[in-house]
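Contents: one structure, followed by commentary.
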Amino acid sequence: MPFSFNMFDHPIPRVFQNRFSTQYRCFSVSMLAGPNDRSDVEKGGKIIMPPSALDQLSRLNITYPMLFKLTNKNSDRMTHCGVLEFVADEGICYLPHWMMQNLLLEEGGLVQVESVNLQVATYSKFQPQSPDFLDITNPKAVLENALRNFACLTTGDVIAINYNEKIYELRVMETKPDKAVSIIECDMNVDFDAPLGYKEPERQVQHEESTESEADHSGYAGELGFRAFSGSGNRLDGKKKGVEPSPSPIKPGDIKRGIPNYEFKLGKITFIRNSRPLVKKVEEDEAGGRFVAFSGEGQSLRKKGRKP
(Lines give C-alpha, C1' and ligand atoms only; values in the text may rest on other atoms or scores of the structure.)
Protein backbone atom coordinates (compact mmCIF):
# COMPACT_ATOMS: atom_id res chain seq x y z
CA MET A 1 0.00 0.00 0.00
CA PRO A 2 1.67 3.24 -1.11
CA PHE A 3 1.99 6.10 1.40
CA SER A 4 3.62 9.53 1.53
CA PHE A 5 4.53 12.01 4.23
CA ASN A 6 5.79 15.60 4.55
CA MET A 7 8.72 16.09 6.87
CA PHE A 8 8.53 19.92 6.69
CA ASP A 9 6.02 22.04 8.59
CA HIS A 10 6.05 24.79 5.94
CA PRO A 11 4.94 24.32 2.32
CA ILE A 12 7.66 23.16 -0.06
CA PRO A 13 8.24 25.60 -2.96
CA ARG A 14 7.62 24.29 -6.42
CA VAL A 15 10.69 23.65 -8.53
CA PHE A 16 10.57 23.57 -12.31
CA GLN A 17 13.86 23.06 -14.08
CA ASN A 18 15.99 24.62 -11.33
CA ARG A 19 13.51 27.46 -10.89
CA PHE A 20 12.41 28.80 -7.54
CA SER A 21 8.70 29.63 -7.29
CA THR A 22 6.53 29.99 -4.20
CA GLN A 23 3.97 32.23 -2.52
CA TYR A 24 4.44 34.35 0.58
CA ARG A 25 2.34 36.68 2.64
CA CYS A 26 3.93 40.07 2.32
CA PHE A 27 4.22 42.82 4.90
CA SER A 28 5.90 46.19 4.94
CA VAL A 29 9.26 46.60 6.65
CA SER A 30 7.67 48.50 9.54
CA MET A 31 6.03 45.21 10.57
CA LEU A 32 9.38 43.45 10.89
CA ALA A 33 9.93 42.46 14.52
CA GLY A 34 13.31 43.14 16.07
CA PRO A 35 15.26 45.69 18.10
CA ASN A 36 17.17 47.00 15.07
CA ASP A 37 15.78 49.72 12.86
CA ARG A 38 15.40 48.39 9.31
CA SER A 39 14.54 51.68 7.63
CA ASP A 40 17.40 50.99 5.20
CA VAL A 41 15.17 48.47 3.44
CA GLU A 42 12.78 51.26 2.50
CA LYS A 43 15.61 53.07 0.67
CA GLY A 44 16.20 50.30 -1.87
CA GLY A 45 14.67 47.64 -4.04
CA LYS A 46 15.43 44.47 -2.07
CA ILE A 47 13.22 42.25 0.07
CA ILE A 48 13.68 40.06 3.16
CA MET A 49 12.82 36.36 2.77
CA PRO A 50 12.61 33.41 5.20
CA PRO A 51 15.57 31.04 5.82
CA SER A 52 13.76 28.19 4.04
CA ALA A 53 14.06 30.11 0.79
CA LEU A 54 17.84 30.18 1.17
CA ASP A 55 17.83 26.43 1.80
CA GLN A 56 15.89 25.78 -1.40
CA LEU A 57 17.94 28.22 -3.47
CA SER A 58 21.22 26.67 -2.34
CA ARG A 59 20.08 23.29 -3.69
CA LEU A 60 19.23 24.73 -7.10
CA ASN A 61 21.59 25.85 -9.81
CA ILE A 62 20.70 29.53 -9.33
CA THR A 63 22.81 32.16 -11.04
CA TYR A 64 24.09 35.03 -8.94
CA PRO A 65 23.09 37.67 -8.10
CA MET A 66 19.72 36.31 -6.97
CA LEU A 67 16.94 38.22 -8.71
CA PHE A 68 13.23 37.59 -8.28
CA LYS A 69 9.99 38.40 -10.04
CA LEU A 70 7.13 39.44 -7.76
CA THR A 71 3.58 39.02 -9.07
CA ASN A 72 0.22 39.94 -7.61
CA LYS A 73 -2.13 37.52 -9.36
CA ASN A 74 -5.23 39.39 -8.18
CA SER A 75 -4.27 42.56 -10.05
CA ASP A 76 -1.83 41.19 -12.66
CA ARG A 77 0.84 43.60 -11.41
CA MET A 78 4.46 42.52 -11.34
CA THR A 79 7.89 43.91 -10.54
CA HIS A 80 11.45 42.67 -9.96
CA CYS A 81 13.71 42.86 -6.96
CA GLY A 82 16.74 41.44 -5.20
CA VAL A 83 17.07 39.87 -1.77
CA LEU A 84 18.71 41.56 1.20
CA GLU A 85 18.53 38.95 3.98
CA PHE A 86 16.92 35.62 4.87
CA VAL A 87 15.69 36.45 8.38
CA ALA A 88 11.90 36.65 7.91
CA ASP A 89 9.44 34.29 9.56
CA GLU A 90 8.43 31.22 7.57
CA GLY A 91 5.79 31.93 4.96
CA ILE A 92 6.35 35.70 5.20
CA CYS A 93 8.42 38.18 3.22
CA TYR A 94 8.96 41.87 3.88
CA LEU A 95 8.80 44.43 1.04
CA PRO A 96 9.51 48.16 0.83
CA HIS A 97 6.37 50.27 0.99
CA TRP A 98 6.78 51.69 -2.53
CA MET A 99 7.03 48.15 -3.93
CA MET A 100 3.77 47.14 -2.24
CA GLN A 101 2.12 50.20 -3.77
CA ASN A 102 3.27 49.20 -7.26
CA LEU A 103 1.87 45.70 -6.77
CA LEU A 104 -1.36 47.03 -5.20
CA LEU A 105 -0.77 44.81 -2.19
CA GLU A 106 -2.11 45.27 1.32
CA GLU A 107 -0.64 44.02 4.55
CA GLY A 108 -0.80 40.21 4.56
CA GLY A 109 -1.55 39.87 0.85
CA LEU A 110 -0.25 36.96 -1.21
CA VAL A 111 2.62 37.55 -3.60
CA GLN A 112 4.20 35.08 -6.03
CA VAL A 113 8.02 34.99 -5.87
CA GLU A 114 9.95 33.46 -8.78
CA SER A 115 13.66 33.41 -9.52
CA VAL A 116 14.63 35.04 -12.84
CA ASN A 117 17.70 35.94 -14.87
CA LEU A 118 17.82 39.51 -16.19
CA GLN A 119 20.06 41.20 -18.70
CA VAL A 120 22.45 43.92 -17.59
CA ALA A 121 21.09 47.44 -18.07
CA THR A 122 22.61 49.83 -20.59
CA TYR A 123 20.07 52.69 -20.52
CA SER A 124 17.26 53.94 -18.30
CA LYS A 125 14.98 56.96 -18.32
CA PHE A 126 13.20 58.38 -15.28
CA GLN A 127 10.39 60.88 -14.79
CA PRO A 128 10.24 62.66 -11.42
CA GLN A 129 6.73 62.70 -10.01
CA SER A 130 7.13 66.18 -8.52
CA PRO A 131 8.82 69.40 -9.70
CA ASP A 132 10.60 69.50 -6.33
CA PHE A 133 13.17 67.10 -7.80
CA LEU A 134 14.55 70.04 -9.81
CA ASP A 135 15.70 71.68 -6.58
CA ILE A 136 18.46 69.08 -6.26
CA THR A 137 21.79 70.49 -7.41
CA ASN A 138 23.12 67.31 -9.05
CA PRO A 139 20.18 64.92 -9.63
CA LYS A 140 22.22 62.34 -11.56
CA ALA A 141 24.71 61.94 -8.73
CA VAL A 142 21.88 61.64 -6.19
CA LEU A 143 20.12 59.01 -8.30
CA GLU A 144 23.35 57.08 -8.88
CA ASN A 145 23.97 56.94 -5.14
CA ALA A 146 20.38 55.83 -4.44
CA LEU A 147 20.43 53.08 -7.10
CA ARG A 148 23.24 51.32 -5.24
CA ASN A 149 20.54 49.92 -2.96
CA PHE A 150 18.61 48.50 -5.93
CA ALA A 151 19.24 45.25 -7.75
CA CYS A 152 17.04 45.70 -10.84
CA LEU A 153 14.61 48.06 -12.56
CA THR A 154 11.26 47.39 -14.19
CA THR A 155 9.62 49.66 -16.76
CA GLY A 156 6.51 51.27 -15.32
CA ASP A 157 7.53 51.07 -11.66
CA VAL A 158 7.54 54.13 -9.41
CA ILE A 159 10.61 53.91 -7.20
CA ALA A 160 11.27 56.04 -4.13
CA ILE A 161 14.62 57.52 -3.14
CA ASN A 162 15.51 59.33 0.07
CA TYR A 163 17.61 62.51 -0.10
CA ASN A 164 18.04 65.07 2.68
CA GLU A 165 15.28 63.42 4.73
CA LYS A 166 12.81 63.83 1.86
CA ILE A 167 11.24 61.14 -0.32
CA TYR A 168 11.35 61.64 -4.09
CA GLU A 169 9.36 59.36 -6.38
CA LEU A 170 10.52 58.60 -9.92
CA ARG A 171 8.75 56.58 -12.58
CA VAL A 172 10.86 54.25 -14.70
CA MET A 173 9.85 55.31 -18.22
CA GLU A 174 12.24 53.13 -20.23
CA THR A 175 14.94 50.53 -19.74
CA LYS A 176 17.26 48.87 -22.23
CA PRO A 177 17.88 46.22 -23.49
CA ASP A 178 14.70 44.81 -21.89
CA LYS A 179 11.71 45.99 -19.85
CA ALA A 180 13.31 44.47 -16.74
CA VAL A 181 17.07 44.80 -16.29
CA SER A 182 19.72 44.18 -13.68
CA ILE A 183 21.70 47.20 -12.49
CA ILE A 184 24.34 45.40 -10.43
CA GLU A 185 27.86 46.29 -11.62
CA CYS A 186 26.73 47.86 -14.87
CA ASP A 187 27.58 50.88 -16.99
CA MET A 188 24.18 52.49 -17.50
CA ASN A 189 23.31 55.78 -19.17
CA VAL A 190 20.67 57.73 -17.24
CA ASP A 191 18.25 60.26 -18.71
CA PHE A 192 15.47 62.36 -17.19
CA ASP A 193 12.07 63.32 -18.53
CA ALA A 194 10.24 66.51 -17.57
CA PRO A 195 8.79 66.19 -14.06
CA LEU A 196 5.10 65.51 -13.71
CA GLY A 197 3.22 68.81 -13.52
CA TYR A 198 6.23 70.89 -14.58
CA LYS A 199 5.55 73.99 -16.68
CA GLU A 200 8.29 75.79 -18.52
CA PRO A 201 8.53 79.50 -17.70
CA GLU A 202 7.14 81.76 -20.39
CA ARG A 203 9.76 83.74 -22.20
CA GLN A 204 9.12 87.45 -22.59
CA VAL A 205 9.46 88.55 -26.21
CA GLN A 206 11.48 91.72 -26.49
CA HIS A 207 10.20 94.06 -29.19
CA GLU A 208 12.90 96.12 -30.86
CA GLU A 209 11.89 99.75 -31.17
CA SER A 210 13.82 101.71 -33.77
CA THR A 211 13.89 105.48 -33.16
CA GLU A 212 15.29 107.88 -35.73
CA SER A 213 15.81 110.68 -33.25
CA GLU A 214 18.87 110.74 -31.04
CA ALA A 215 18.63 109.52 -27.46
CA ASP A 216 17.63 112.05 -24.84
CA HIS A 217 20.48 112.49 -22.39
CA SER A 218 18.74 114.97 -20.16
CA GLY A 219 18.12 112.30 -17.53
CA TYR A 220 21.85 111.84 -17.07
CA ALA A 221 22.52 115.48 -16.35
CA GLY A 222 21.81 115.18 -12.64
CA GLU A 223 24.17 112.25 -12.15
CA LEU A 224 27.49 113.43 -13.47
CA GLY A 225 29.55 110.77 -11.72
CA PHE A 226 33.34 111.10 -11.92
CA ARG A 227 34.80 114.43 -13.13
CA ALA A 228 38.54 114.70 -13.71
CA PHE A 229 40.54 117.54 -12.08
CA SER A 230 37.56 118.85 -10.15
CA GLY A 231 39.31 119.01 -6.75
CA SER A 232 41.02 121.88 -4.99
CA GLY A 233 44.70 122.48 -4.23
CA ASN A 234 47.02 124.28 -1.80
CA ARG A 235 49.87 126.61 -2.62
CA LEU A 236 53.34 126.20 -1.11
CA ASP A 237 53.51 129.89 -0.11
CA GLY A 238 50.21 129.64 1.83
CA LYS A 239 48.27 132.00 -0.40
CA LYS A 240 44.67 131.22 -1.24
CA LYS A 241 44.77 132.77 -4.68
CA GLY A 242 43.70 130.55 -7.55
CA VAL A 243 43.17 127.39 -5.50
CA GLU A 244 39.39 127.22 -5.69
CA PRO A 245 38.13 124.56 -8.12
CA SER A 246 36.57 125.91 -11.24
CA PRO A 247 35.55 122.96 -13.36
CA SER A 248 34.13 123.63 -16.73
CA PRO A 249 30.43 122.84 -17.03
CA ILE A 250 29.61 119.51 -18.61
CA LYS A 251 26.86 119.35 -21.15
CA PRO A 252 24.45 116.41 -21.00
CA GLY A 253 25.38 115.49 -24.54
CA ASP A 254 29.02 114.98 -23.54
CA ILE A 255 28.22 112.22 -21.05
CA LYS A 256 29.03 108.92 -22.77
CA ARG A 257 29.64 106.56 -19.86
CA GLY A 258 26.73 104.22 -19.13
CA ILE A 259 24.66 105.25 -22.16
CA PRO A 260 23.55 102.29 -24.26
CA ASN A 261 23.85 102.25 -28.01
CA TYR A 262 20.27 102.65 -29.17
CA GLU A 263 21.28 102.15 -32.81
CA PHE A 264 22.60 98.63 -32.16
CA LYS A 265 21.43 96.01 -34.66
CA LEU A 266 21.74 92.26 -34.25
CA GLY A 267 24.69 90.90 -36.23
CA LYS A 268 26.39 94.29 -36.62
CA ILE A 269 29.69 95.12 -34.91
CA THR A 270 30.65 98.77 -34.48
CA PHE A 271 34.30 99.71 -33.90
CA ILE A 272 34.70 103.07 -32.15
CA ARG A 273 38.05 104.48 -33.20
CA ASN A 274 37.79 107.72 -31.24
CA SER A 275 35.20 108.14 -28.57
CA ARG A 276 35.83 111.88 -28.22
CA PRO A 277 34.21 114.25 -30.70
CA LEU A 278 36.61 115.85 -33.12
CA VAL A 279 37.29 119.56 -32.65
CA LYS A 280 36.03 121.48 -35.63
CA LYS A 281 38.24 124.00 -37.25
CA VAL A 282 37.31 127.58 -36.58
CA GLU A 283 38.34 128.86 -39.92
CA GLU A 284 38.85 127.00 -43.17
CA ASP A 285 40.35 128.19 -46.34
CA GLU A 286 37.75 128.94 -49.00
CA ALA A 287 39.93 127.39 -51.67
CA GLY A 288 39.65 123.94 -50.19
CA GLY A 289 41.68 124.11 -46.99
CA ARG A 290 45.11 124.45 -48.64
CA PHE A 291 48.02 125.32 -46.36
CA VAL A 292 49.29 128.88 -46.66
CA ALA A 293 52.57 129.73 -44.99
CA PHE A 294 52.89 132.79 -42.70
CA SER A 295 49.22 133.58 -42.96
CA GLY A 296 48.64 134.09 -39.23
CA GLU A 297 48.50 137.27 -37.16
CA GLY A 298 50.78 138.43 -34.39
CA GLN A 299 50.43 140.49 -31.22
CA SER A 300 52.92 142.88 -29.67
CA LEU A 301 53.69 142.73 -25.98
CA ARG A 302 54.04 146.51 -25.73
CA LYS A 303 51.42 148.68 -27.19
CA LYS A 304 52.81 151.39 -29.48
CA GLY A 305 51.36 154.85 -29.20
CA ARG A 306 52.35 158.49 -29.54
CA LYS A 307 53.09 160.45 -26.41
CA PRO A 308 50.99 163.57 -26.07
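What region 56-120 shows is 49 Å² of accessible area per residue, with the surface traced by a 1.4 Å probe over protein heavy atoms. Exactly which GluC sites (Glu not before Pro) in region 154-203 are in a DSSP loop and have at most 10 other Cβ atoms within 10 Å? Sites meeting the loop and neighbour criteria: GLU165, GLU185, GLU202. Label-to-label distance for ASP237 and VAL116 is 10.5 nm, based on points extended 7 Å past Cα in the beta-carbon direction. Computed packing ranks the peptides 140-146, 158-164, 262-268 as 158-164, 140-146, 262-268, most packed first, by mean other Cβ atoms within 10 Å.
Take 54-66, 89-101 and order them by the average number of nearby Cβ atoms within 10 Å per residue, most first; the result is 89-101, 54-66. Measuring nothing but alpha carbons in region 104-167 and taking Rh as the Kirkwood radius, the Rg to Rh ratio lands at 1.00.
Excluding ILE62 itself, calculate the net charge of residues whose Cβ lies under 14 Å from the Cβ of ILE62, where each Lys or Arg counts +1 and each Asp or Glu counts -1.
Numbers: positive: ARG19, ARG59, LYS69; negative: ASP55, GLU114.
After counting each charged neighbour, the total is +1.
The value of relative contact order for region 65-202, using C-alpha pairs under 8 Å at least six residues apart, is 31 percent. Given R0 = 35 Å, the distance between the Cβ atoms of ASP55 and ASN145 translates into a calculated FRET efficiency of 0.55. Couplings for region 80-87, taken from phi via the Karplus curve 6.51 cos²θ - 1.76 cosθ + 1.60 with θ = phi - 60°, read 10, 7, x, 10, 9, 8, 10, 10 Hz in order; Gly and Pro are left as x. When you have a sec, figure out the Kirkwood radius of region 41-144 from all distinct Cα pair distances and drop it here in Å to one decimal? Kirkwood hydrodynamic radius for region 41-144: 15.6 Å.
Overall, region 41-124 carries a charge dipole of about 320 debye about its Cα centre when +1 sits on the Cβ of Lys and Arg and -1 on the Cβ of Asp and Glu, all other atoms neutral.
Expressed in nm², what is the orientationally averaged projection area of the convex hull enclosing the Cα positions of region 144-192? Before the final figure, lay out the partial values.
Numbers: hull surface 13.8 nm².
Computing the convex hull of the Cα atoms and averaging its projections yields 3.5 nm².
The values are calculated or read from the model by the stated rules, or taken from the named source; none is laboratory data. This is a predicted model, so every value here is computed, not measured. Because the Cβ atoms are built from the backbone with ideal geometry, glycine has one as well, and the counts that use them run over all protein chains shown. Please note that ligands, DNA and RNA were not included when accessible areas were found on the heavy atoms of the full protein model with its side chains. Shrake-Rupley method; radii C 1.70, N 1.55, O 1.52, S 1.80 Å.
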